[in-house]
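Shown next, in structure tokens, is the structure this report addresses.
The values are calculated or read from the model by the stated rules, or taken from the named source; none is laboratory data. Remember, predicted model here, so these are calculated numbers, not experimental data. We place every Cβ from the backbone using ideal geometry, glycine too, and count neighbours over all the protein chains shown. Just the protein is used for accessible areas: all its heavy atoms, side chains included, with ligands, DNA and RNA removed. Shrake-Rupley method; radii C 1.70, N 1.55, O 1.52, S 1.80 Å.
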Amino acid sequence: MKVKRISTIAALCLSGSMLLSGCSLSGIADKILGHTEKTVETDKTSQSAQKSVNTVDPTMEKPSFTVNLEGSVQFSVGSQAAPLTVEAVVNDGGTVTYQWYTNNVNANGGGDKIEGQTQNTFVPDTAEEGTRYYYAVATNNKDGSVTKSTSSTIEVQIVPEGNWVEENGLKKYQIFDGSFVTGTWKDIDGGHYNFDENGYMRTGWFQDGDGSWYFLNPDGTMAKDVEIEGFAIDSEGKSEAKKQAVEAEAAAQAEGQAEQPAQ
């Protein structure tokens, strides 16, 4: 009976304490049972690491493009493209930054951001043939606020390096700019070709300016790692055996001419 009276008194005390103090039952119980309240500290470091978001202020001066994009340019596939350039200015003391975009339609909106391209110049990729459109967004940054302007677009065509043409029954290789490959070697679609001073593709045996001999197949490609007409050709397309044979023949002819009696 005594135990029940003590329990009842404790319960009444707990209820009264909650009504007077506004404390929860669990909080009073924790204090009675000796539990200590733990304070969860905010990670101040993570808070300070959060990036501030600049506010768009439509009343700020928008960047004005002094150098803009226009028209269309062509580059051959795999070549080094010339840089595209824009320039924008503001007169309110702000700082102008840039971001380049690419699009598959001729529009300066809705394009894909080109990561890392934040300068006023950009060099297009020429790895694949096709047509892309480019534009840049210029941003005026001042006192935590920003305002933006968008450039016009430029069409960039990545075209084949060139194509074969036939002239007088012989092949020539014309570059996309209209010129022809002349007097040099040229790699085309995985083959190594040589063209004479008139731009015609060579075939058969050919001695280069360094004195080395090569054999160009009927399709114009340079022969390698093979034996032709009894002359071995190495992995670089050179035939030392052909060179020695030609030099020996030339020496024999010179000796024969020297032995002829004077007329």
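Which of the numbered conditions does Thr147 fail, given that it passes all the others? Conditions: (1) under 15 Å from Ser64 (Cβ atoms); (2) in a loop (DSSP other than H, G, I, E, B). For Thr147, the failing item is (2). For the criterion of being in a loop (DSSP other than H, G, I, E, B), within 14 Å of the chain's Cα centre (by Cα) and modelled with pLDDT under 95, Gly78 passes. Cβ-Cβ contacts under 8 Å between residues 6 or more apart (or on different chains), taken from a first residue in the stretch 230-256 that is hydroxyl-bearing (Ser, Thr, Tyr) to a second residue that is open to solvent by 50 Å² or more (accessible area, probe 1.4 Å), are listed as Ser235/Lys224; Ser235/Asp225; Ser239/Ala232.
Only one entry in Ser64, Ser72 is in contact (Cβ under 8 Å) with a residue 60 or more places away in the chain and loosely packed, with under 14 Cβ neighbours inside 10 Å, namely Ser72.
Scanning the stretch 151-182 for residues that are open to solvent by 60 Å² or more (accessible area, probe 1.4 Å), in a strand (DSSP E or B) and touching a residue at least 24 places away in the same chain (Cβ under 8 Å) turns up Glu167, Leu170, Lys171. Of the listed requirements (1) more than 30 Å from Asn120 (Cβ to Cβ); (2) assigned to a strand (DSSP E or B), Asn198 misses just one: (2).
For the stretch 218-235, the tally of residues that are part of a loop (DSSP other than H, G, I, E, B) and open to solvent by less than 40 Å² (accessible area, probe 1.4 Å) stands at 3.
In this structure, Tyr101 does not satisfy being open to solvent by less than 60 Å² (accessible area, probe 1.4 Å), in contact with a Leu (Cβ under 7 Å, 6 or more places away or on another chain) and part of a strand (DSSP E or B).
Residue count for the stretch 236-263 under the criterion of being open to solvent by 50 Å² or more (accessible area, probe 1.4 Å) and within 43 Å of the chain's Cα centre (by Cα): the result is 3.
If the condition is being of a type in the set (Gly, Ala, Ser) and in contact with a Phe, Trp or Tyr (Cβ under 9 Å, 6 or more places away or on another chain), then the stretch 161-198 contributes Gly162, Gly183.
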